[in-house]
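Here the structure is laid out as structure tokens; the discussion comes afterwards.
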């Protein structure tokens, strides 16, 4: 299947690494940071980097750049993260989320003029976006769905997964954890899929329900203004549908609350997918796995060693943390501390070895920019899973993807 996408806030382009094996290709990037732009130019010299994303909508409408089959991006998360002090839409970086919607609308307008179907939108951010005090996620959902204003979360807070069927787009979102997709770090992020395509069900992309026959997405009639909602009870049965007593007016939405079984049958492992490959260290009595977690400070030791008498040095305590945007993750012992190398951080995010080891002004890239760019990136395996789900869905539906 030929598929072309535009990427904004591209970073070092996890989407391209994830989707090239599917035959999908980027038609343009939008990245303003110096080092990630250098990485993009090195790996994808034929793809233009348009820089500031806020001007691309005008370029698309004028025909200066292509209106692709899909738009992907992770608008800056600092406005919604604890590290960024959670300023939300009051932060100029948070406002880029609204610019993202304006670009999606421009792409759909341009594609309509050309007789093409609307684009598929894929978006990623930190879980903090779901709980920002200014309801930033509700503003984003309302704009993307085609509402006149923000959508208010049911119960006063957004859940980890849900759907909205608005007058303009159908939308689904879900928190996915990279550790369940084959990388050795706990990295939870919100992934959202949306589209105005007829009969397109984004929930079919992000959710898997054992023993549940999926219903097609509700149709959206011209002029319809209230966002429809879908819900699913934890036991897998359908919750209230559009128009019943639980619909409290414009923008009503009920989030999905689903506990999925992991491979060992319990807990709430996302999707029941492959368990992460773990770091291992010899303890004298066999190998012991170490899964990266997000507790504590982002830069501390990872494994504390102790003398276990006859068996020599072994593991006394495990305290490893999620990949940070600044300096990677440190692994230490009572004798020495070693920070993870950039190559190891590339593996934690699912990139090929030395992907960020590109020449900068004739010299190998410094470690600092490599750590930062990897920490800011999406996890490649999560993006690959979403891409495969979209490809399978499109191949199995009656409509096809146009080629530019």
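Values in this text are rule-based calculations from the coordinates and carry no lab data. Everything numeric in this text was worked out from a predicted model, so none of it was measured. Counting neighbours? That spans all protein chains shown, and the Cβs are built from the backbone with ideal geometry, glycine included.
Quick notes
- Length available on full extension from residue 360 to residue 22: 0.36 nm per residue minus the Cα-Cα distance, which gives 118.7 nm.
- This ranking places 370, 389 by how few other beta-carbon atoms lie within 10 Å of each, fewest first, which gives 389, 370.
- Relative contact order for segment 95-179, counting Cα pairs under 8 Å that sit 6 or more residues apart, in percent: 20 percent
- Segment residue 52-residue 114, extension gain: residue separation times 0.36 nm, minus the distance between their alpha carbons: 19.8 nm
- Rough spin-label spacing in nm, given labels placed 7 Å along Cα→Cβ, for residue 102 and residue 341: 4.5 nm
- Order of 386, 98, 113 - criterion: other Cβ atoms within 10 Å of each residue's Cβ, fewest first: 113, 98, 386
- Burial ordering of 208, 124, fewest other beta-carbon atoms within 10 Å first: 208, 124
- Gain in span if fully extended, residue 2 to residue 43, counting 0.36 nm per residue against the direct Cα distance: 12.7 nm
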